[in-house]
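Single-structure report; data block below.
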Amino acid sequence: MTNHKLSIWYHPIYTNGIHPDARFPRVRYIKLVDKLNTPEYFGQFIIKQPTEASRNELIIAHDPYYVDNFLNQNLTQKEIKRIGLTPWTPQIIPRTLLLMGGAIAALDHVMEYGGIAGNMAGGTHHAHYDFGSGYCIFNDLAVCSLLALSKYNLTKVAVIDFDVHQGDGTATILQNVDEVLTISVHCQQNFPFRKSKSDYDLELPAGAGDEEILTMVATALDITKQFDPELILFQAGVDGLATDSLGKLNISRQGMSKRNEMVFDLAIEQMIPTVVFMGGGYSNPISHTIDAFGDLFLSASRANNQILSKANLETIDSKIE
Ligand SMILES: [Zn+2]
């Protein structure tokens with residue numbers, strides 16, 4: 001059987017574009033890529049360099065005035081503070097454009113070849129139409145959703161957001177877009193404290209553990225299956241881990257892995273192209289976050305292999321008939 005490697009987009013600027021003094025754990029990207037190059041993971045992935053997203057791609061989901069102010073370094077201190085990742089360096093601009101480009105490249109890949117692809121960053125679900133917040137400048141989930149409609153003529157896209165924080169920016173940008181289903185499973189007592197309205201918000205109380213969370217995940221996936229999407233955009237934040245410093249939930253590493261496999265099982269069963277966006281993860285020590293993201297991409301790689309092998313078999317079957 002052919003080994004279909006998982007395509008993942010990554011650029012060193014994902015780490016280096018953030019100032020070393022920023023509170024954000026910027027090392028998580030470089031540490032993850034190092035992990036994926038160790039023997040246990042090696043050979044499962046093709047790591048590709050993104051190109052910068054264009055202004056036209058960004059304004060599909062964002063106010064051109066906000067986009068231009070960011071690109072021209074004209075955001076106010078207040079706007080920058082709301083985003084975080086401070087102190088900013090000029091590198092924040094190419095970093096943001098490459099990160100968005102990585103998501104778009106992963107989308108283009110699954111639209112062309114089917115299966116699963118991922119960006120080793122992003123899941124920037126707190127970015128709104130005309131402002132950023134919570135480490136998010138532009139919303140890759142919203143941009144990819146709207147590109148999927150305009151560029152690929154899809155009519156049913158599902159955004160499944162399992163990060164511990166609500167996908168508030170995604171919900172507001174896409175609230176009047178019937179072609180995109182937004183589902184957010186998140187901790188009720190966590191940022192953002194003023195929640196937006198997704199199509200489905202499934203809220204967990206602080207302290208919830210594996211069983212409670214996986215039940216909620218199953219509900220979210222039932223809703224997704226009913227919707228019968230042509231594309232899944234999966235925000236796979238691992239900040240629900242018990243070890244996370246921001247999460248307030250109590251998921252084990254195994255529970256997190258099970259959650260991801262439930263998503264991928266649906267993708268395999270229904271042969272739905274799926275893009276993985278990393279999302280949050282702030283464990284202390286950060287190694288727990290890196291382990292969980294390593295598990296995520298390994299599960300994604302196995303699932304991608306299954307989907308593409310199944311697709312090959314179906315092609316062969318149809319030729320025999
Ligand atoms: Zn988060």
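The values are calculated or read from the model by the stated rules, or taken from the named source; none is laboratory data. Please read these numbers as outputs of a predicted model, since none were measured by experiment. Cβ sites come from the backbone with ideal geometry, for glycine too, and all protein chains shown count toward neighbours.
Remarks
- Every pair of residues 6+ apart whose Cβ atoms lie under 8 Å, when the first sits in the range 236-264 and is under 14 Å from residue 206 (Cα atoms) while the second is of a type in the set (D, E, K, R): 239/163; 240/163; 241/253; 246/239; 247/239; 250/210; 251/210; 251/259
- Candidate set: the range 172-199, residues that are buried (at least 23 other Cβ atoms within 10 Å of the Cβ) and either within 14 Å of the ligand (Cβ to nearest atom) or among the aromatic types (Phe, Trp, Tyr) (or both); chosen: the one farthest from residue 233 (Cα to Cα): 187
- From 15, 96, 2, 86, residue being touching a helix residue (DSSP H, G or I) at 6+ places or on another chain (Cβ under 8 Å), at pLDDT below 95 and hydroxyl-bearing (Ser, Thr, Tyr): 2
- Restricting the first member to the range 164-183 and to residues that are of a type outside the set (A, V, I, L, M, F, W, C), and the second to residues that are part of a helix (DSSP H, G or I), the beta-carbon pairs closer than 6 Å and six or more apart or on different chains are 170/141; 170/142; 179/149; 182/170; 182/171.
- Residue count for the range 120-166 satisfying the condition of being surrounded by fewer than 24 Cβ atoms within 10 Å (Cβ to Cβ), of a type in the set (Gly, Ala, Ser) and within 16 Å of the ligand (Cβ to nearest atom): 2.
- Residue match in the range 200-213 (condition: among the acidic types (Asp, Glu), away from the ligand (no atom under 15 Å from the Cβ) and touching a helix residue (DSSP H, G or I) at 6+ places or on another chain (Cβ under 6 Å)): yes
- Residue in the range 250-259 that is more than 16 Å from the ligand (Cβ to nearest atom), within 20 Å of residue 144 (Cα to Cα) and buried (at least 16 other Cβ atoms within 10 Å of the Cβ) present: no
- Exactly one residue out of 238, 263 is within 15 Å of the ligand (Cβ to nearest atom), β-branched (Val, Ile, Thr) and outside any strand (DSSP E or B), and it is 238.
- Meeting the requirement of 2 or more residues that are surrounded by 16 or more Cβ atoms within 10 Å (Cβ to Cβ), within 19 Å of the chain's Cα centre (by Cα) and not β-branched (Val, Ile, Thr), the helices (runs of 4 or more DSSP H) wholly within the range 12-119 are 27-36, 55-58, 92-113.
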